[in-house]
Amino acid sequence: MNPTIIDVARLANTSKSTVSRYLNGLPIKKETEEALKKAIKELNYHRNENARRLVVSKTQTIGIVVDSIANMFYSSIFKGIEEVAKENGFNCVFYSMTSNKYTESYFQNLVFEGHVDGIILISFVKRDIKDLLEIANAGIPVVVFGDTAGVKDLVSVDVDNYFGISELVRYLNRIGHQKIAYISGPADAAATQCRLAGYLETMEQLGLAVNPEWVVPTNWSNEDGYNAMNHLLTIGDFTAVLASNDETAIGALRAVQERGYNVPTDLSITGFDDITLASWTYPPLTTVKQPFLEMGKKAAYELFKRMENSEEYISERHLLKPELIIRDSCRKISDPVMK
C-alpha cells in the first residue's frame, strides 16, 4: 500500500496540515522541513496529483504553445516563463504547433478539458484574426506573445520593434550618416512591417531622403543578407546599412568584406536582435538587444494576474523596449579614415 500524507506526518512527528503546507510550497519551520524531507525520502512518498486537483480544482500547470520549438529565441523566453511559474508553484507543459498542425485556437481546449489552468501562445509570424477572435471570445486565461492581428480584447506581450529600428536610425544619424540603406524582412513575419515603418518614418522625421532602391526584402537568413548586400553595392550612394535582423547583417558584412571593402571605414552596418554571434563577428555588430527573458517573465506575470482575477482583468498590449548595443561596426562620418 502506498504511503499517505498521514504516514509522513506521523514519521516526522508533525501534523497533517503542516505536511500539506510544505507540499504546497508554504513556509514552515526549518527543523520541521528537514524532518519532512527525511520522512518523505524514507517512505518513498509521492503526492497524488489527481486527488489534489479534485480538491483545489487546479492543475498547477500552464501550457506554452509555440509555432516552432526550433526557434533560437525561444529558450530565453521559456526561461523567463518558467522562473515565474516556479515562483507560483506551477509547472510548464510545452506544445508545438509544427508537430500536430493545429491552429492556436485549438489549444484553448487544454483549459476547457482541465489539462492546464492557462495558456501562453508564442509566435513571431502574422496571426489569423479569426483565430485570435475565437480565443478572445472564449474568455480563458491566455496571453498572446507576439502579433495580435489588431484584436483588442487580449493580453499580449511583444518587443517594441518600431522603437528598436528608430533608435538605430537616430544613432546612425547622430554619428553623421544621412544616406542609410535598409535590409527588410519576410512578409509573413509580424515584426517586418513595424520595423520597416520605424525606418521609413524616422528617416522622414529626421529630414533624410530614402531611395526606394535602398530597401531590399529578405527572408532574414545569412544568405539573403549576403545577396541583398551585393545588390545594394551595385546601387551605392549610401554610407550605412541597417539590417533588420542580425542574421542578414552578418551576411551583409561578409559580402562587403569579400568585395574588398572595410567595415566600418568604408561602410557602417547594424543589425537587430543581438544574437550571440553578433558580438563575435569582425568587427562586432552594433545592434539592438531584444529582452527575451524579461518578455517571458512579463507574459507569465500577466497570465497569473489573469488567472487570479479574470473578471476585473483589463486587456492590454505590453511592448518592452529593446536596448541599443553599440559596438565597432559603425563609425562617425566626421572621424578621419585611417589608412
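The values are calculated or read from the model by the stated rules, or taken from the named source; none is laboratory data. This one's a predicted model, so the numbers in the text were calculated from it and none came from an experiment. Cβ coordinates were reconstructed from backbone atoms using ideal geometry, including for glycine residues, and neighbour counts include every protein chain displayed. Surface areas here come from the heavy atoms of the whole protein model, side chains and all, with no ligands, DNA or RNA. Shrake-Rupley method; radii C 1.70, N 1.55, O 1.52, S 1.80 Å.
Consider only pairs whose beta carbons are under 7 Å apart and that are at least six residues apart or on different chains; among these, list those whose first residue lies in segment 149-172 and is closer than 30 Å to TYR313 by Cα and of a type in the set (Phe, Trp, Tyr) and whose second residue is open to solvent by 50 Å² or more (accessible area, probe 1.4 Å) and at pLDDT 95 or above. Final answer for the pair search is TYR162/CYS194; PHE163/LYS321.
Just so you know, in segment 241-260 the residues that are in a helix (DSSP H, G or I) and touching a residue at least 60 places away in the same chain (Cβ under 8 Å) include one that is farthest from LEU200 (Cα to Cα), and it is LEU253.
Looking at segment 189-221, which of its residues are in contact with a Lys or Arg (Cβ under 9 Å, 6 or more places away or on another chain), closer than 21 Å to THR234 by Cα and not in a loop (DSSP other than H, G, I, E, B)? Matches in segment 189-221: TRP214 only.
In the set VAL288, VAL263, only one residue is modelled with pLDDT of 95 or more, surrounded by 15 or more Cβ atoms within 10 Å (Cβ to Cβ), in a loop (DSSP other than H, G, I, E, B) and in contact with a strand residue (DSSP E or B) (Cβ under 9 Å, 6 or more places away or on another chain); that residue is VAL263. Of the residues making up segment 62-87, those that are of a type in the set (Val, Ile, Thr) and more than 23 Å from ASP131 (Cβ to Cβ) number 1. If you go through segment 146-188 and pick out every residue that is assigned to a strand (DSSP E or B), over 23 Å from THR218 (Cβ atoms) and either among the aromatic types (Phe, Trp, Tyr) or over 24 Å from the mean Cα position of the chain (by Cα) (or both), you end up with 0.
The residue that is nearest to the chain's Cα centre (by Cα), among those in segment 250-272 that are of a type in the set (Gly, Ala, Ser) and under 12 Å from MET229 (Cβ atoms), is GLY251.
Of note, LEU121 does not satisfy the criterion of being within 23 Å of GLU308 (Cα to Cα) and at pLDDT below 95. Looking at this structure, is GLY251 small (Gly, Ala, Ser), open to solvent by less than 20 Å² (accessible area, probe 1.4 Å) and touching a Gly at 6+ places or on another chain (Cβ under 6 Å)? For GLY251, the condition - small (Gly, Ala, Ser), open to solvent by less than 20 Å² (accessible area, probe 1.4 Å) and touching a Gly at 6+ places or on another chain (Cβ under 6 Å) - is met. Taking segment 91-134 as the range and being assigned to a loop (DSSP other than H, G, I, E, B) and either touching a residue at least 60 places away in the same chain (Cβ under 8 Å) or farther than 27 Å from LEU26 by Cβ (or both) as the test, the residues that pass are LYS101, TYR102, THR103, GLU113, GLY114, ASP117, PHE124, LYS126, ARG127, ASP128. Can you spot a residue in segment 146-169 that is at pLDDT 95 or above, of a type in the set (Phe, Trp, Tyr) and open to solvent by less than 20 Å² (accessible area, probe 1.4 Å)? No, that holds for no residue.
Restricting segment 222-238 to residues that are part of a loop (DSSP other than H, G, I, E, B) and open to solvent by less than 50 Å² (accessible area, probe 1.4 Å) leaves a set whose member that is modelled with the highest pLDDT is PHE238.
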